[in-house]
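Visitor: Got a structure for you, written out below as structure tokens; questions coming shortly.
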Amino acid sequence: MNYTLHQLQVFLIVTKTLSITRAAEELFLTQPAVSIQLKNFQNQFEIPLTEVIKKRLYVTDFGKEIAVAAENILNEVYAINYKTLAFKGKLSGRLKLSVVSTGKYVIPYYLSNFLKKYDEIELDMDVNNKKNVVNALKNNEVDFAFVSVLPQELDIESEILIENSLYLVGDPSVYNKIENNFLTLLSLSPLISRELGSATRTAMEEYISQQNIQPKTRITLTSNEAVKQAVIAGIGVSIMPIIGLKNELDNGSLFLLPAIGLPIVTSWRLIWLKGKKMSPVASAFLEYIKNNKIEIKQSHFAWIKNY
């Protein structure tokens with residue numbers, strides 16, 4: 001066999017995305033380039049690694065075993081590179097994070113100066129819904145997860161960063177039309193929410209249940225940006241974290257609508273498995289967070305107090 005590290009990497013990404021197109025995007029390659037590397041890798045084995053059924057790509061059982069081996073090989077290669085840098089006195093390695101969707105408005109500010117200080121560190125960050133984020137942590141696939149609601153099923157430790165406040169949000173036409181009875185909006189206007197498995201969706205469901213509200217209609221979208229744009233367009237109202245709304249609140253395309261029992265307040269937390277043996281990079285990042293979280297909050301999130 002004469003496979004290359006590049007072929008191993010391509011094959012591993014294909015097995016994780018189950019898509020040539022998405023693998024190409026993640027690897028910054030063209031689709032034909034990914035297909036060629038996958039074919040060249042497959043030609044070195046007599047047993048199929050993948051198969052396509054009704055235009056859908058599947059990984060065979062043998063392919064899954066090779067994918068595990070490929071990941072182990074690549075991790076060993078990364079370890080060699082990191083040890084070389086460490087020998088030179090530089091902190092290096094991979095920092096693996098899994099972040100809930102809304103967390104993308106928060107976590108970059110806690111990473112920026114850390115990554116500038118240690119420019120040999122590689123960041124591997126997945127932004128996903130709460131269910132997948134918790135699963136990544138549960139399976140020990142990441143160093144840390146970033147969430148606003150603690151997973152009760154896991155034994156974890158955590159570090160609180162900032163508050164997470166959820167408000168009833170509407171466009172200017174709603175704000176100007178309804179006076180002092182904003183709860184009525186949730187009965188008269190379409191309610192736009194995230195998909196099942198989202199922490200924001202769970203908080204919204206608990207709220208409307210407690211308030212005994214029956215929304216006029218329900219609209220489900222799969223990202224905070226999609227929900228935000230739908231509210232701006234006047235399609236309906238939503239209960240959303242304020243953290244991703246600064247520009248829209250400043251320019252008047254969205255308004256926070258006062259309502260009984262709102263805002264719902266939780267905390268953004270960096271969490272990790274209790275007893276986890278951290279890498280030098282993970283330990284350094286946690287120490288950086290503990291030492292700098294107050295300054296980062298004051299520098300980048302003080303604006304929240306104005307609403």
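The values are calculated or read from the model by the stated rules, or taken from the named source; none is laboratory data. What you see is a predicted model; the values in this text were computed from it and never measured. Because the Cβ atoms are built from the backbone with ideal geometry, glycine has one as well, and the counts that use them run over all protein chains shown. Surface accessibility is based on the protein's heavy atoms, side chains included, excluding ligands, DNA and RNA. Shrake-Rupley method; radii C 1.70, N 1.55, O 1.52, S 1.80 Å.
Visitor: Quick one: how many residues across the range 213-225 are surrounded by 14 or more Cβ atoms within 10 Å (Cβ to Cβ) and under 26 Å from VAL127 (Cα atoms)?
Guide: 5
Visitor: Another one. Based on this model, can you work out whether ILE192 counts as surrounded by 14 or more Cβ atoms within 10 Å (Cβ to Cβ), in a strand (DSSP E or B), in contact with a Ser or Thr (Cβ under 8 Å, 6 or more places away or on another chain) and β-branched (Val, Ile, Thr)?
Guide: Judged against the criteria, ILE192 is a match.
Visitor: Residues to consider are TYR3, TYR78; find the one that is closer than 30 Å to SER279 by Cβ and out of contact with any helix residue (DSSP H, G or I) (no Cβ under 7 Å at 6 or more places or on another chain). Before you say what the answer is, go through the steps one by one.
Guide: Values: TYR3 fails: out of contact with any helix residue (DSSP H, G or I) (no Cβ under 7 Å at 6 or more places or on another chain).
Criteria check complete, one pass: TYR78.
Visitor: Identify, by number, the condition in (1) open to solvent by less than 50 Å² (accessible area, probe 1.4 Å); (2) polar (S, T, N, Q); (3) not in a loop (DSSP other than H, G, I, E, B) that SER253 doesn't meet.
Guide: Checking SER253 against (1) open to solvent by less than 50 Å² (accessible area, probe 1.4 Å); (2) polar (S, T, N, Q); (3) not in a loop (DSSP other than H, G, I, E, B), the one that fails is (3).
Visitor: If you don't mind, there's one more thing I want to ask. Cβ contacts < 6 Å: first residue under 14 Å from TYR3 (Cβ atoms), restricted to the range 38-62; second residue open to solvent by 100 Å² or more (accessible area, probe 1.4 Å), any location; separation 6+ or different chain. Result?
Guide: GLN44/MET1
Visitor: For the range 256-293, give me each residue that is in a strand (DSSP E or B), of a type in the set (Ser, Thr, Tyr) and surrounded by fewer than 17 Cβ atoms within 10 Å (Cβ to Cβ). Walk me through how you get there before you give the answer.
Guide: First, pick out the residues of the range 256-293 that are in a strand (DSSP E or B): 256-257, 264-273.
Remaining after also requiring of a type in the set (Ser, Thr, Tyr): 266-267.
Passing the criteria: only SER267.
Visitor: Moving to a separate point now. Name the pairs: first residue in the range 277-294 and within 14 Å of GLU157 (Cβ to Cβ), second residue hydroxyl-bearing (Ser, Thr, Tyr), Cβ to Cβ under 8 Å, at least 6 apart or on different chains?
Guide: Note: pairs meeting the criteria are ILE289/TYR110.
Visitor: I would also like to ask the following. Quickly run through the range 99-121 and pick out the residues that are open to solvent by less than 50 Å² (accessible area, probe 1.4 Å) and not in a helix (DSSP H, G or I).
Guide: VAL99, VAL100, VAL106, ILE121
Visitor: Would you check which residues across the range 37-61 are in a helix (DSSP H, G or I) and touching a helix residue (DSSP H, G or I) at 6+ places or on another chain (Cβ under 9 Å) and list them?
Guide: Within the range 37-61, GLN37, LEU38, ASN40, PHE41, GLN42 qualify.
Visitor: Same structure, new question: Consider ILE296 carefully, then state whether it is in a helix (DSSP H, G or I), farther than 21 Å from VAL169 by Cβ, open to solvent by less than 60 Å² (accessible area, probe 1.4 Å) and modelled with pLDDT of 95 or more. Steps first, answer last, please.
Guide: Working: in a helix (DSSP H, G or I): yes; farther than 21 Å from VAL169 by Cβ: yes; open to solvent by less than 60 Å² (accessible area, probe 1.4 Å): yes; modelled with pLDDT of 95 or more: yes.
Judged against the criteria, ILE296 is a match.
Visitor: Continuing with the same structure: For residues in the range 196-212 being under 14 Å from LEU262 (Cα atoms) and hydrophobic (A, V, I, L, M, F, W, C), which is surrounded by the most Cβ atoms within 10 Å (Cβ to Cβ)?
Guide: MET204
Visitor: Still on this structure, please answer the following. In the list VAL237, VAL174, VAL169, which residue meets the criterion of being of a type outside the set (D, E, K, R) and at pLDDT below 85? Please lay out each step first, then the result.
Guide: Details: VAL237 fails: at pLDDT below 85; VAL169 fails: at pLDDT below 85.
Step by step, each of VAL237, VAL174, VAL169 is checked, and only VAL174 is of a type outside the set (D, E, K, R) and at pLDDT below 85.
Visitor: Looking only at the range 33-67, which residues are within 25 Å of ARG94 (Cα to Cα), open to solvent by less than 90 Å² (accessible area, probe 1.4 Å) and under 27 Å from the mean Cα position of the chain (by Cα)?
Guide: The answer is VAL34, ALA67.
Visitor: Identify the single condition in (1) open to solvent by 30 Å² or more (accessible area, probe 1.4 Å); (2) under 29 Å from PHE146 (Cα atoms); (3) not in a loop (DSSP other than H, G, I, E, B); (4) not small (Gly, Ala, Ser) that LEU91 does not satisfy, given that it satisfies every other one.
Guide: For LEU91, the failing item is (3).
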